[in-house]
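These notes concern the structure reproduced below.
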């Protein structure tokens, strides 16, 4: 961190992200990334051996950043409904801005690799939500739901909307339907 | 129906479906479809002007077939929980067999057309489920849910699973989580 090599690496990842989000994985070449970063071919290749390595580095970074978020909030004993509220606000923002989504790129990338990169990515998402829901149940702030069931609904309804909203125009009411549904499953009504 | 032209058309659609399901829309050429059908180039072009027209014909056919299903069952006054049970069984089967899914092809195709074919497709799915849920509520067999909310969850959780299961290996428990969740939302418990 802080050293030049690390900074250039970061810069490459940041410049590549919007390319993958816009055009998916397959269309993007190392040449495109040279242009976006202003690096020479040699310069770029001294950091990454190809677009696959860059894409995986972006995914790991997203994964780390993402996971830390809930964990930090739980360590600080933030009430579960508050963590959920923040997460759903972010989720709604992301659903609305599907042009920033890496879903298409992930989808294409998964077709090009034999390894289980995507499996790891999915597991991280599952773990993060499972931990949050269990935390809320332990604190008696969430209903005693079937955790695996609700986590599946959260992850896949979100993915479904993100993918689909790139192809059909969706109104705010659909994004809200998903987030409201999740809240209803988890939050204990003040009755 | 029954005439030769119509039969050849049907045969072309049936032979093309698995090609689009396997490789998506972009990779498939009219030449591939000639090979799959055994038709000459001229023969194929006398029916369809291109892969886009073939793909749209497949989608409309799926749409028609699909819509009729619930409608017929409702016309026959079949109990809503039974219609739901059948629909979810089919849904689970489809989620398990994502290799037969046109999701990837639809996704790619949507990127190539300016029209709103996908919007129509989505609307048909929304209408079908909205009608079924309202039917169940009217017959007092389903809970008085927020229909738009539940329809969104059904459609997008299903799409999310179908897309995602092409990239990560999913277990039966995830497919079951989605169908069980839908049932819990709609069915009135025998209490």
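Over chain A, DSSP H runs of length four or greater, each weighted -39,500 (n - 2.57), average out per residue to a 222 nm ellipticity of -24000 deg cm²/dmol. Compared with the dominant principal axis of the Cα atoms in chain A, helix A:80-96 is inclined by about 50°.
If one computes the Cα centroid of segment B:120-171 and of segment B:31-73, what distance in Å separates the two points? Using only Cα atoms, the two centres lie 26 Å from each other.
Compared with the alpha-carbon gap, the fully stretched path from residue A:71 to residue A:89 is longer by 4.7 nm at 0.36 nm per residue. Distance between the modelled labels on residue A:6 and residue B:113, one decimal in nanometres: 5.1 nm (7 Å Cα→Cβ projection). Mean sequence separation of contacting Cα pairs (under 8 Å, at least six apart), scaled by the length of chain B, corresponds to a relative contact order of 26 percent. Counting neighbouring Cβ atoms within 10 Å and putting the fewest first, the residues A:109, A:93 line up as A:93, A:109.
Distance between the modelled labels on residue B:45 and residue B:184, one decimal in nanometres: 5.7 nm (7 Å Cα→Cβ projection). Extension gain for residue B:171-residue B:123 works out to 14.3 nm (0.36 nm per residue, less the C-alpha to C-alpha distance). Sorted ascending by nearby beta carbons within 10 Å, beginning with the fewest, A:166, B:86 become B:86, A:166. For chain B, the extents of the C-alpha atoms along the principal axes are 64, 40, 29 Å, listed from largest to smallest. Which shape class, rounded, prolate or oblate, goes with segment B:95-155 when its Cα gyration tensor gives a ≥ b ≥ c as root eigenvalues, a/c under 1.5 marks rounded, and past that a/b bigger than b/c marks prolate? Because a/c hits 1.5 or more and a/b exceeds b/c, segment B:95-155 counts as prolate.
Readers should treat all values here as calculations from the given coordinates under stated rules, not as data from a laboratory. Owing to the predicted nature of the structure, the values given are computational and were not obtained by experimental measurement. Don't worry about glycine lacking a Cβ; one is built from the backbone with ideal geometry, like all the others, and counts go over all protein chains shown.
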